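Beneath this line is the structure, given in structure tokens, with notes to follow.
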Amino acid sequence: MSSLTQLNLFELPDASAFPRPVAVGNAVEALASNSTVEARGAVFTRVEVVDFILDLVGYVAGEPLHLRRILEPSFGAGDFLFPIVERLLGAWRAYGGNVALAEAELRNAVCGVELHRETFVSTRKAVVNRLVKEGISQTVACGLADQWLIQGDFLLERQNGCFDFVVGNPPYIRQELIPAPLLSEYRRRYQTMYDRADIYIPFIERSLSLLNQGGNLGFICADRWMKNRYGGPLRELISTGFHLKAYVDMVDTNAFHAEVSAYPAITVISRTKAGPTRITHRPKIEKVALSHVAVEINSATLAKDSCVREIAGVVNGSDPWLLEACDQMSLIRRLESQFPVLEQVGCKVGIGVATGADKVFIGSFEALKVEPDRKLPLVTTRDIQSGEVIWQGKGVINPFAKDGSLVDLRDYPRLAKYLESHKAIIAKRHCALKKPSNWYRTIDRIWPELTSKPKLLIPDIKGETHVVFEPGQFYPHHNLYYVVSDTWDLRALQAVLLSSIAKLFVKTYSTKMRGGYLRFQAQYLRRIRIPLWQDVSLNQRQELISAAASRDRDACNRAVFKLYKLNEQERCALGGKGE
């Protein structure tokens, strides 16, 4: 993880001392001129949600908004910009605004940035028209629009001064869609542009760096950074001088004008001393209802029947933000304080083989025309749907020798012939282009000894925990995670992983999936806490093994709840099962 003690570019004395490389300028120009809505990561926010966010950050009627400064870092077609202008003009008029003094009184109130030139021009025109409608002259309106609006890349453009409010819906663009020179420049400038971070991550960093003391940021964007690996540096940055004031889960709400694949949330972050976080989930997207929620979140105290909850200690360095129910969080914290994680008790979590070309490397085991020791029986998610392994007869080609090097194809004529016949496909993979002499490797190394190891198999995406015991006959496919152990009995461990305890850990630490599905990935499975095997009594061992063998989830819960010594309140937090 990158160091968070390093100053970002905008904390240095003079950002203009760092000239923009030609390749970066060309990439920005290409995006400004030619990019599609999808390439720009543009998502259009409903006005009810925009008003809700403006209420949450305190950009409201009754305040002298013309004396404050607000930033919209990616204004697009004006979803946020136009409501901002409406509120600004209303407040300005209420505080005695004079049309003759409009330029002097309003010139510093708003800053908006937009990269795409055509969109910028059309939105600027609409802003000018709105100002003229207010009675402001065309000349002054154009001057204000030019003072307020900047055409350029927010992550590269220098800003004059700081802001009391930053609001918006930052673009959601995966790294592979960003031109390489531009991505490199972002990485140079932003400490949070880490691992697979999407572009909204440095947007948040940059925006936070521009907040005045006491200022508020309110963004609606994908929530994945709050828990996953690439969000760690941003979470740590927020922990060093900011307050996560509010979190609103917007998953499965109609917050946007079109359906999106991301899982959105609203975060309000203040440049103030850290404190408790106000939390609510999936509010009704309706003006009156959202207004009521905003009042609740901003109130001095919460009513007993409030839909808003308050949780202390959500932000803790780079740790994932845990935003679940208080009783479940108390249980998680208790277990984390008493028990080690899965891999500290002699268990190992891994993932099956990714080949990069399954149609070549995977096929009917019997039909794969290679030497017998160059193929392994493969288990896939389809094989374990019933809760037991029912092999469909697939196999995977193994191009690796025991020492981890690739085998010499001259020693394996049948393998060589087979691979050569498919070279046009497998040589185009990234791993092959990176090192052409290794063109026939699979993306992941294959460890043949794993085949004969008893293991637990867990599909990546499921609504409930699905854990299948495999006695040691198959190699796992890349859609399957596996757990092996030289200490814990795997049947007993299966009962733990099938229980509500394991699901709670995965649900707490994993990112959300549409439809209530969970990601049972290695990084989340490794968070599960369990006792040392030697601390499990003989009776408990037998009960766990029996429960797993029966695949009875309630029996697994009963055995596991005893193992962890859950009290009545803790059992209720998990749904009351396992009495």
Inter-part gap, Cα centre of the stretch 516-579 to Cα centre of the stretch 90-140, in whole angstrom, is 61 Å
Among 542-550, 166-174, what's the highest-first ranking by average C-beta atoms within 10 angstrom per residue? 166-174, 542-550
Sequence gap at least 6, Cα distance under 8 Å: using those rules, report the relative contact order of the stretch 26-159 to the nearest whole percent. 28 percent
Out of LEU480, HIS466, THR508 - ranked by how far each Cα lies towards the positive end of the dipole of the stretch 430-546, with unit charges on the beta-carbon of charged residues - the top one is THR508
To the nearest 20 Debye, how big is the dipole of the stretch 432-490 about its Cα centre, given +1 on the beta carbon of each Lys and Arg and -1 on that of each Asp and Glu? 460 debye
Quick shape check on the stretch 342-413: root eigenvalues a ≥ b ≥ c of the Cα gyration tensor, a/c under 1.5 is rounded, otherwise prolate if a/b tops b/c, else oblate, and it reads oblate
Positive-end residue of GLN494, LEU563, LEU456, charge dipole of the stretch 414-569 with Cβ unit charges: LEU456
Going through LYS369/LYS462; LYS348/LYS507; LYS402/LYS507 one by one, the pairs whose alpha carbons sit over 32 Å apart turn out to be LYS369/LYS462; LYS402/LYS507
Taking the Cα centre of the stretch 185-228 as the origin and placing charges on Cβ (Lys, Arg +1; Asp, Glu -1), which of ASN216, ILE201, GLN191 is farthest toward the positive end of the dipole? GLN191
Name the long-range amide H neighbours of PHE163: under 5 Å, sequence gap of 5 or more, or other chain; modelled H, no Pro or chain starts. LEU211, ASN212
What ranking do 432-444, 523-535 get when scored by the average of other Cβ atoms within 10 Å per residue, highest first? 523-535, 432-444
What are the semi-axes of the equivalent ellipsoid of the chain, taken as the square roots of 5 times the eigenvalues of the Cα gyration tensor, listed largest first and rounded to whole Å? 50, 32, 19
Taking each pair of distinct Cα atoms in the stretch 343-383 once, what is the resulting Kirkwood hydrodynamic radius in Å? 12.6 Å
Point-charge dipole on Cβ atoms (K/R +1, D/E -1) for the stretch 118-226, about Cα centre, debye to 20: 80 debye
Check which residues have an amide H placed less than 5 Å from ALA354's amide H, if you skip close sequence neighbours. ASP444
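Viscosity 1.567 mPa s, temperature 4 °C: Stokes-Einstein D of the stretch 29-175 from its Kirkwood Cα radius, in µm² per second?
Answer from the Stokes-Einstein relation: 83 µm²/s.
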How much of CYS556 can a 1.4 Å solvent probe reach, expressed as accessible area in Å² and rounded to 10? 0 Å²
What nm distance separates the two modelled labels at ALA367 and ASP408, each placed 7 Å from Cα along Cα→Cβ? 3.3 nm
Based only on Cα atoms, what mean projected area does the convex hull of the stretch 137-267 have, in nm²? 10.0 nm²
Computed over the stretch 449-550, the ratio Rg/Rh where both radii use C-alpha atoms and Rh is Kirkwood: 0.96
Cα convex hull of the stretch 222-330: mean projected area in nm², to one decimal? 7.6 nm²
Which value, in Å to one decimal place, does the Kirkwood hydrodynamic radius take for the stretch 419-477 when every pair of different Cα atoms is included? 14.0 Å
Taking amide H positions as placed 1.01 Å from N in the peptide plane, with prolines and chain starts having none, which residues 5 or more places from LEU149, or on another chain, fall under 5 Å of its amide H? GLY112
So how far apart, in nm, are the two label points at ASN567 and THR139 if each is 7 Å from Cα heading toward Cβ? 7.6 nm
For labels at GLN328 and ARG158 in the simple 7 Å Cα→Cβ model, what's the distance in nm? 4.9 nm
Can you list the HN-Hα couplings for the stretch 203-209, worked out from phi with the Karplus curve (6.51, -1.76, 1.60; θ = phi - 60°), rounded to whole Hz and with x for Gly and Pro? 4, 5, 4, 4, 5, 4, 5
Residue by residue through the stretch 311-316, what is 3J(HN,Hα) from phi via Karplus (6.51 cos²θ - 1.76 cosθ + 1.60, θ = phi - 60°)? Round to whole Hz and write x for glycine and proline. 10, 8, x, 5, 8, 8
With +1 at each Lys and Arg Cβ and -1 at each Asp and Glu Cβ, the charge dipole magnitude of the chain around its Cα centre, to the nearest 20 debye, comes out at 1080 debye
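The values are calculated or read from the model by the stated rules, or taken from the named source; none is laboratory data. All values derive from a computational prediction rather than experimental measurement. Here Cβ is always computed from backbone atoms with ideal geometry, including for glycine, and neighbour counts include all displayed protein chains. Calculation scope for accessible area: heavy atoms of the full protein, side chains included, ligands and nucleic acids excluded. Shrake-Rupley method; radii C 1.70, N 1.55, O 1.52, S 1.80 Å.
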